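The numbers here are math on the coordinates, done by the rules we state, and not lab data. Predicted model only: the values in this text are computed from it and were never measured. FYI the Cβ positions are ideal-geometry reconstructions off the backbone, even for glycines, and counts take in every protein chain you see.
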Ligand code: HEM
C-alpha cells in the first residue's frame, strides 16, 4: 500500500498508465455521450483551451473521483444495513428517512479515508500544535466523522441521525463537485431496496479493500430477497 516517498511503485505506474491509456482511447474514438461533460472537455482540448495531457487527466480524474467513491458508498451502505437490522426495520417503517440514511452511511463509513493532504500557507495552530508554513497536513475525513465532540454516539449507525454535518465530501473550495449526483444515486438505490427488499443479509465472509484512499470492500457477499418472494 502507498508509494515510496516522492515516487510511484512500478505496479501503481502500470495501473495508472493503463487507466489513462484507456481514457485517451475513449477520447480519441469519441465514445462518450454527445454534449455531456466528457464531450465538453474534449471540445475544449480541440479548441486549444486545454492541452491533450490536461484533457486525459481531467477525464480520468473525474472518472476515478466519481466511480470508485460512489461504488464504495453503496457497498458501505449495504454492509451497514446488513449489520444493523434494527436500522433496516426503521427505514422500512419510515422511508422518509432514506436521505438521512445516505448521509449517515457517508459519515459512518466515509468512502474517502483516511483523507487528502493540504499544505499550510502560513504558520497555524491546531489543537495546541503549531504547524509551520509549508507543513503537509492530512485532513482525515473518516476520523472527523467519528469525532465525539461533534457527533453523539459516533460509532453507532443511526439512520435518523440529525444534525449530520459530516465531511465525507470535504469542505471549502474543493468540496466534492459530484456530491449531488452521489447523493441522488444513493437515494435511488436505497428507495428501491426499502420498497422491494425483504432485507439485506450477509451471505458469507467479506474482504475489506486494502487501499490508502478509499474505504470499502474487495468482496461483500449479500443476500437480498424480493419482499414478495420471501
Ligand atoms: C459517495 C461518493 C463521493 C464521495 C464520498 C466523494 C468525496 C470527495 C471528497 C472527499 C473530495 C475532496 C474534497 C476536498 O479535497 O476537500 C471530492 C472532490 C471531488 N469530487 Fe467527489 N466524491 C464522491 C462522488 C463524486 C462524483 C459522483 C463526482 C463526479 C460526478 C465527483 C467529483 C469530484 C471532483 C471533480 C472533486 C474535486 C473538486 C475540487 O478539487 O475542486 N465526486 N470528492
Condition check for residue 218: under 16 Å from the mean Cα position of the chain (by Cα), away from the ligand (no atom under 16 Å from the Cβ) and either free of Cβ contacts under 8 Å to residues at least 40 places away in the same chain or surrounded by 12 or more Cβ atoms within 10 Å (Cβ to Cβ) (or both): yes
Unmet requirement for residue 67, which otherwise passes all of (1) in contact with a helix residue (DSSP H, G or I) (Cβ under 6 Å, 6 or more places away or on another chain); (2) without any contact (Cβ under 8 Å) to a residue 12 or more places away in the chain; (3) part of a helix (DSSP H, G or I): (1)
Per-region count, segment 162-175, residues without any contact (Cβ under 8 Å) to a residue 12 or more places away in the chain and assigned to a loop (DSSP other than H, G, I, E, B): 3
Residues (touching a strand residue (DSSP E or B) at 6+ places or on another chain (Cβ under 6 Å) and either without any contact (Cβ under 8 Å) to a residue 12 or more places away in the chain or at positive phi (or both)) located in segment 117-161: 124, 131
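May I ask you to list the residues in segment 167-196 that are more than 10 Å from the ligand (Cβ to nearest atom) and buried (at least 18 other Cβ atoms within 10 Å of the Cβ)? Reasoning before the result, please.
Narrowing segment 167-196 to residues more than 10 Å from the ligand (Cβ to nearest atom): 187-196.
Hits for segment 167-196 are 190, 193, 194.
Would you check which residues across segment 204-215 are exposed (fewer than 12 other Cβ atoms within 10 Å of the Cβ) and either in contact (Cβ under 8 Å) with a residue 40 or more places away in the chain or over 27 Å from residue 12 (Cβ atoms) (or both) and list them? Spell out the reasoning first.
First, the residues of segment 204-215 that are exposed (fewer than 12 other Cβ atoms within 10 Å of the Cβ): 204-205, 207, 210, 212.
204, 205, 210, 212 - these are the residues of segment 204-215 that are exposed (fewer than 12 other Cβ atoms within 10 Å of the Cβ) and either in contact (Cβ under 8 Å) with a residue 40 or more places away in the chain or over 27 Å from residue 12 (Cβ atoms) (or both).
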